[in-house]
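The values are calculated or read from the model by the stated rules, or taken from the named source; none is laboratory data. Predicted model only: the values in this text are computed from it and were never measured. In this analysis, Cβ positions are derived from the backbone assuming ideal geometry, glycine residues included, and neighbour counts consider all displayed protein chains.
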Protein chains: 4
Amino acid sequence: MAPDIPKSIRQWNVTAKDGRDGFNVLKYSEQPMPEVGDSQVLVKLHAASLNYRDLIIPLGQYPFDTAPNVVPGSDGAGTVVAVGKHVTRFKPGDKVVTLFSQQHIGGPLTPEGAASGLGGALDGTLRSFGAFSEQGLVRMPSNLSPAEASTLPCAGLTAWNALYGLSDNQVTAGQWVLTQGTGGVSIFALQFAKAAGARVIATTGSSEKVDVLKKLGADHVLNYKETPEWGAEAKKLTGGVGLDHIIEVAGPKSMAQSLAAIKISGVITIIGFVGGHTKDQPGFIDCLTNLCTARGILVGSRAQMEDMCRAIEANPDKLRPVVDKKTFRLEELKEAYEYQFSGKHFGKVCVEIS
Amino acid sequence: MAPDIPKSIRQWNVTAKDGRDGFNVLKYSEQPMPEVGDSQVLVKLHAASLNYRDLIIPLGQYPFDTAPNVVPGSDGAGTVVAVGKHVTRFKPGDKVVTLFSQQHIGGPLTPEGAASGLGGALDGTLRSFGAFSEQGLVRMPSNLSPAEASTLPCAGLTAWNALYGLSDNQVTAGQWVLTQGTGGVSIFALQFAKAAGARVIATTGSSEKVDVLKKLGADHVLNYKETPEWGAEAKKLTGGVGLDHIIEVAGPKSMAQSLAAIKISGVITIIGFVGGHTKDQPGFIDCLTNLCTARGILVGSRAQMEDMCRAIEANPDKLRPVVDKKTFRLEELKEAYEYQFSGKHFGKVCVEIS
Amino acid sequence: MAPDIPKSIRQWNVTAKDGRDGFNVLKYSEQPMPEVGDSQVLVKLHAASLNYRDLIIPLGQYPFDTAPNVVPGSDGAGTVVAVGKHVTRFKPGDKVVTLFSQQHIGGPLTPEGAASGLGGALDGTLRSFGAFSEQGLVRMPSNLSPAEASTLPCAGLTAWNALYGLSDNQVTAGQWVLTQGTGGVSIFALQFAKAAGARVIATTGSSEKVDVLKKLGADHVLNYKETPEWGAEAKKLTGGVGLDHIIEVAGPKSMAQSLAAIKISGVITIIGFVGGHTKDQPGFIDCLTNLCTARGILVGSRAQMEDMCRAIEANPDKLRPVVDKKTFRLEELKEAYEYQFSGKHFGKVCVEIS
Amino acid sequence: MAPDIPKSIRQWNVTAKDGRDGFNVLKYSEQPMPEVGDSQVLVKLHAASLNYRDLIIPLGQYPFDTAPNVVPGSDGAGTVVAVGKHVTRFKPGDKVVTLFSQQHIGGPLTPEGAASGLGGALDGTLRSFGAFSEQGLVRMPSNLSPAEASTLPCAGLTAWNALYGLSDNQVTAGQWVLTQGTGGVSIFALQFAKAAGARVIATTGSSEKVDVLKKLGADHVLNYKETPEWGAEAKKLTGGVGLDHIIEVAGPKSMAQSLAAIKISGVITIIGFVGGHTKDQPGFIDCLTNLCTARGILVGSRAQMEDMCRAIEANPDKLRPVVDKKTFRLEELKEAYEYQFSGKHFGKVCVEIS
């Protein structure tokens, strides 16, 4: 190992996930520098960004399995400082971003890929150094800061997959795309759709955010508090034809509106449920009556991430990731979680790792 | 018009759809021979087959618009007897089957295509002669009887679209496909899947039908009355990986099992709801937790129907449509509806039109 | 027929195609107003645009069959003035553009679609009025002039199909696209690629055109006279990876360079051969050694044309068709052909039809 | 390392590739047992099969780069005997087949994937033991012998990719597929096409092979010596429509016939050139005049190989690999190469490794 690599690292762990102690189950400690396996790359992490998923893992609300005492952090950007002897993809000095599903290299998601998420199944990015498989890293877009780049692995790639992941309905110029709110995936979807020449209807519950969404490129913004039947309204805005893509992040109540807005043969990508659950919910028969497709996705593949990074480099003005003005240091992780949990942010909440 | 074409035809009409008079709203009468437009083809119909949709239109339960006093019948097979002066696709003597969505020629379904269904939006096939757009007919597979061919436009094409309609998950040899019961779509899906080298798990509620399903090629048959948690059982039969395709015809209760059975990245095609509705139903969040796609479809396109007919001709032994042993004459239509409604049939109920 | 529709029309015909009399085989005459079939739409044509194909049909160099004495003109834009009694898609007053392959509605091209080209197999647009199947027309983008719109059916749609016609390699933001010269298809491809967020390398043989191509959005312009090995140079510009899409219009010599420039898994769309033939040409083995795909296309489908028109309406600034500053009247058709043949134009040569 | 693993292995190397000494550049020696990296799997190889590529590497005719002194062998089947500490996909005792392009996991081929072929860029399978990345192995179909399984990585997967690798034209029941001769890829393509319900026209130059090809399922066999214009003849057999898929293995002369036989929108997959080169060859303009696609491929991805292995297990009767009746021992490798070179074999030439 190179002489300038320290002997120890700083690291967070999720020490319990029964949800009884809130974010206090997050523990910060000094740990030995990880060994670098033959096919691994040691990365000095510079930044991570937070996702809704990161919050609900310590709260015990995450619906998938996670490893005990896991290092949290789904997203990360850093610099390669050492490589194992079999590594061919990277060399020290390379700037990299982590891939979320470490085993989802290309093609459709497999069970193996689904069980390889950073900060859940596998140790994540909220630490000063990490050893990752060389397969699980992607070159960082050269025009981004580490904090900006750290927003790509989850929020960015999920939005990209939503818009490009189904061969029969990849976003094209002229299509209509609906995004919901100002979470990370939604903002990326808005930006990717506009960069592709599509038209975007964005929803929000806050009149202050209307302008920001328009500045980001939204052609129309609907306030769902003022227009609870925004589904019909959105469809009207498309000339009665409906939306080609809806990025559904909010859950059953929102889904009923999405079904009212979707075009025949359109695709609703099911990303999240931040609006919570309810018993009185639309059922799958509505896919039949609306002749649409609903698709649940888990982030995306490395091949898609490489395509996305290339798009970002080629469109630096349109595709600059939106980072909240408030960033946190690694040791302030709990404050960062609380801030993200409060919903006061706009854009991604990032953690700078020195 | 050729001298051997009669001046009048026999025809059924759906005279009301408020559901108050059951199948008695179906009226039979003599009508003048339809005029043949410049781009139309006059077809002497030889057979039609019945679909669940045909039953619920007169009963007032069909969720889409239908034309007043429409001629029922979604499916038909016959012989061209005259063609309009602009017709190029057919000539008298050609054997044809009708296309269900008369305006769905190729590519994804559009609103225009969705509003062009025979026996609903447009006059259908339960009459002795009909004039159809030359665009809305397909050559009959040469190896089928008219009754057999008349099962293709709805049940056959819906199954084909379910298995082949999504580029990213077309059925291939070795995939696992689940079909439900012994309705027309389900039997066709079983046959198409087997002809493609896939493996099929069929469900049924009747122990007598197990053998017939196996004779049709099912690798495994699950009795959902004996195994109410058939979703988990089906997944186990695939080695724990799950089904690539599920043809969902039964509604919410069944859908919960389908979600338990589906593979990551698998596709559940939503075809029907013969098992009825229920409030306590799975919601779209289950697409996310199961990482699958749900797709509502309306039959399919002419391009798909031509592909399907070609497959049937190429595989005459494996892909012979299953027609119930009891057939009806055109004037016995109400009896045919009652018989289909009773659920006593196996395979498609056909009407022979002399 | 409405009282304001004249009894006669002005019309060009291609009276011979043995090539012995140059463009003099084009004859102009007054003809009776066409009858409007039951499924047809009568269109007052306002503009047509010329294509290379239109030139070589009277010269006897077109490699496909054409009808005797055909009305030339592959492209047209106009206003509906009357509709047949079975027409449902249009009404008088609608602005329309013609579809090139009148029978290519959606899905892959079929022999039937390939044999239905306007101005070749079927009577075209170089006349004051034409009766077209209602299936063979598309709504005109509302923001275009008739001359602009008349460039869409061939040049526009061919470029769109090249970039979007293969599910596995639809143009996305960040991809690299190479276009050749300043013909209609090439300029549209440049514009569509830029509107989709892609990067474009354009080639030209004329140093004066470099600036115009850059103004249209080209990221790089290569002069093939100065850089005969432009294939390697283009590949270098992509960082050594190669082009995702090449729109090949020039023939064997150019194709050798395209093969040197293409990316592994990239697609070269074969559109034309304006650079002429040569015996010493690359062969198909080069698809293997370069691990790429070559795809010959014939314009595109109505579904694709509708998508393209929607893209144009949504991106009025980026996707304005480039029309040559010199336009012609219908009676000046031979001059228009000579002008197009001279190669002095930039953008599409249009014929205004009063 | 487990006590029963020997200290040394037997191994072939390609000691030169200038082609001056024929197969004598293949050298056999004892070598130390390879170390097993953290992410590697040590495989006791039981069988390998030979490919045209393996022959031309020592002869200096292979058009891609190869590593100096490389261990030959593109294909292999064996048993896992030890795993590195980071390995999760396999455990000792697992039966495996090697993946040809060790870095082509899923999605389209990349430069990285193209440069990772076994027996060329990377050490191959003609040795008693090998250490492979856990990413570069696939579970062996349970119903095959090692020799049978060793035919899958190159010949099998290439055929599978040809038929399934392009989303817009995956082989379906009823399609027409043309295969050429009795090489490994061609026989697999015949078998896969028949298992999928397609129709197959096979060509051969030998009247004795007609019956064998029919026994393998070919619907028609054309002798290209008796019918030099077999392209037109094949098209006629399809009813004049043409072939959906042609697996082109023979080079320019054959390609001219393939172009005559292909359907509009059909795909010719360019696999090889066993018939040699010629200057007078069809050019890419023929993709335009025939409106078809030509696609060069390099074997396929791990995701495709897993799909293929699943298809083989599900269709054990139809998809049994055809192994030549003569097999060789590892030390007889040169004889095996000579035998394969002589062209006297039918089916794959396999090497049994004790």
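Just one of the listed residues (B:GLU148, B:GLU112) is free of Cβ contacts under 8 Å to residues at least 60 places away in the same chain, out of contact with any Leu (no Cβ under 6 Å at 6 or more places or on another chain) and part of a helix (DSSP H, G or I), and it is B:GLU112.
Being in a helix (DSSP H, G or I) and within 30 Å of B:LEU109 (Cα to Cα), is that true of even one residue in the range C:313-333?
If we filter the range C:313-333 for residues that are in a helix (DSSP H, G or I), which is where we start, we get C:313-314, C:330-333.
Applying the additional criterion that residues be within 30 Å of B:LEU109 (Cα to Cα) yields C:313-314.
Checked the range C:313-333: at least one residue is in a helix (DSSP H, G or I) and within 30 Å of B:LEU109 (Cα to Cα).
Within the range D:15-25, can one find any residue that is at pLDDT 95 or above and either of a type in the set (D, E, K, R) or buried (at least 23 other Cβ atoms within 10 Å of the Cβ) (or both)? The answer is no, given that none of the residues of the range D:15-25 is at pLDDT 95 or above and either of a type in the set (D, E, K, R) or buried (at least 23 other Cβ atoms within 10 Å of the Cβ) (or both). For the range B:174-200, the set of residues classified as in contact (Cβ under 8 Å) with a residue 60 or more places away in the chain and within 14 Å of chain D (Cβ to nearest Cβ) consists of B:GLN175, B:TRP176, B:VAL177, B:PHE188, B:GLN191, B:PHE192, B:LYS194, B:ALA195, listed by residue number. Here A:SER254 fits the description: buried (at least 18 other Cβ atoms within 10 Å of the Cβ), polar (S, T, N, Q) and not in a strand (DSSP E or B). Scanning for something among the polar types (S, T, N, Q), more than 13 Å from every other protein chain (Cβ to nearest Cβ) and either surrounded by 19 or more Cβ atoms within 10 Å (Cβ to Cβ) or over 25 Å from B:PRO252 (Cα atoms) (or both), does the range B:204-223 turn up at least one residue? Yes, the range B:204-223 contains a residue that is among the polar types (S, T, N, Q), more than 13 Å from every other protein chain (Cβ to nearest Cβ) and either surrounded by 19 or more Cβ atoms within 10 Å (Cβ to Cβ) or over 25 Å from B:PRO252 (Cα atoms) (or both).
Looking at the range B:164-173, which of the residues that are assigned to a helix (DSSP H, G or I) and hydroxyl-bearing (Ser, Thr, Tyr) is nearest to the other protein chains (Cβ to nearest Cβ)? Only one residue tops the list, namely B:SER167. For the range C:187-228, a residue qualifies if it is in contact with a Leu (Cβ under 7 Å, 6 or more places away or on another chain) and in a strand (DSSP E or B), and the qualifying residues are C:VAL200, C:ILE201, C:ALA202, C:THR203, C:THR204, C:HIS220, C:VAL221. When A:ALA256 is tested against (1) away from chain C (no Cβ under 14 Å); (2) at pLDDT 95 or above; (3) under 19 Å from the mean Cα position of the chain (by Cα), just one condition goes unmet, and that condition is (3). Within the range C:130-145, can you find the residues that are farther than 21 Å from C:ILE297 by Cβ and outside any helix (DSSP H, G or I)? Within the range C:130-145, C:GLY130, C:ALA131, C:PHE132, C:SER133, C:LEU137, C:ARG139, C:MET140, C:PRO141, C:SER142, C:ASN143, C:LEU144, C:SER145 qualify. For C:ASP54, state whether it is over 30 Å from A:GLY239 (Cα atoms) and either of a type in the set (Asp, Glu) or under 19 Å from the mean Cα position of the chain (by Cα) (or both). Here the answer is yes, as C:ASP54 does meet what is asked.
In the range B:295-307 there is at least one residue that is in contact with a strand residue (DSSP E or B) (Cβ under 8 Å, 6 or more places away or on another chain), modelled with pLDDT of 95 or more and under 15 Å from B:LEU178 (Cβ atoms). Looking for something over 21 Å from B:THR158 (Cα atoms), touching a helix residue (DSSP H, G or I) at 6+ places or on another chain (Cβ under 9 Å) and not in a helix (DSSP H, G or I) - is there at least one such residue anywhere in the range B:336-347? No - not one qualifying residue is present in the range B:336-347. Answer yes or no as to whether A:GLY276 is at pLDDT below 95 and either more than 7 Å from every other protein chain (Cβ to nearest Cβ) or in a strand (DSSP E or B) (or both). Taking the combined requirement at face value, the residue satisfies it.
Just to check your reading of the model, which residue among B:SER39, B:SER8, B:SER29, B:SER74 is touching a Cys at 6+ places or on another chain (Cβ under 6 Å) and among the small types (Gly, Ala, Ser)?
Result: B:SER74 is the single residue among B:SER39, B:SER8, B:SER29, B:SER74 that is touching a Cys at 6+ places or on another chain (Cβ under 6 Å) and among the small types (Gly, Ala, Ser).
Across the range C:39-96, the number of residues qualifying as crowded, with 17+ Cβ neighbours inside 10 Å, outside any strand (DSSP E or B) and within 14 Å of chain B (Cβ to nearest Cβ) comes to 6.
Residues being over 14 Å from the mean Cα position of the chain (by Cα) and in a strand (DSSP E or B) are entirely absent from the range A:279-288. Condition first: within 14 Å of chain A (Cβ to nearest Cβ) and on the phi > 0 side of the Ramachandran plot. Can you find one or more residues in the range C:259-270 that meet it? Within the range C:259-270 (the criterion being within 14 Å of chain A (Cβ to nearest Cβ) and on the phi > 0 side of the Ramachandran plot), the answer is yes, since at least one residue qualifies.
Among the residues of the range C:235-253, the one identified as under 16 Å from C:SER186 (Cα atoms) and either more than 22 Å from the chain's Cα centre (by Cα) or away from chain D (no Cβ under 14 Å) (or both) is C:LEU243. Going by the conditions given, is C:GLU248 buried (at least 22 other Cβ atoms within 10 Å of the Cβ) and over 24 Å from D:ALA250 (Cα atoms)? Here the answer is yes, as C:GLU248 does meet what is asked.
Filtering the range A:174-186 to residues that are of a type outside the set (A, V, I, L, M, F, W, C) and in a helix (DSSP H, G or I) leaves A:GLY184, A:SER186. Any chance the range A:294-311 includes a residue that's more than 8 Å from every other protein chain (Cβ to nearest Cβ), touching a Gly at 6+ places or on another chain (Cβ under 9 Å), part of a helix (DSSP H, G or I) and of a type in the set (Gly, Ala, Ser)? The answer is no; no qualifying residue exists. Within the range A:273-294, does at least one residue satisfy the condition of being charged (D, E, K, R) and within 21 Å of A:ILE201 (Cα to Cα)? Within the range A:273-294, none of the residues are charged (D, E, K, R) and within 21 Å of A:ILE201 (Cα to Cα). Any residue at all in the range A:152-163 that is touching a residue at least 40 places away in the same chain (Cβ under 8 Å), within 14 Å of another protein chain (Cβ to nearest Cβ), in contact with a Leu (Cβ under 7 Å, 6 or more places away or on another chain) and small (Gly, Ala, Ser)? For the range A:152-163, residues touching a residue at least 40 places away in the same chain (Cβ under 8 Å), within 14 Å of another protein chain (Cβ to nearest Cβ), in contact with a Leu (Cβ under 7 Å, 6 or more places away or on another chain) and small (Gly, Ala, Ser): absent. Picking from residues in the range B:259-278 that are closer than 21 Å to A:LEU298 by Cβ and aliphatic (A, V, I, L, M), the one that is farthest from the chain's Cα centre (by Cα) is B:ILE264. Do we have A:LEU99 as surrounded by 20 or more Cβ atoms within 10 Å (Cβ to Cβ), within 13 Å of another protein chain (Cβ to nearest Cβ) and more than 15 Å from the chain's Cα centre (by Cα) here? No: the conditions fail for A:LEU99. If I ask for residues that are buried (at least 24 other Cβ atoms within 10 Å of the Cβ) and not polar (S, T, N, Q), which ones from the range B:155-180 would you list? Selection gives B:ALA155, B:GLY156, B:LEU157, B:ALA159, B:TRP160, B:ALA162, B:LEU163, B:VAL171, B:ALA173, B:TRP176, B:VAL177, B:LEU178.
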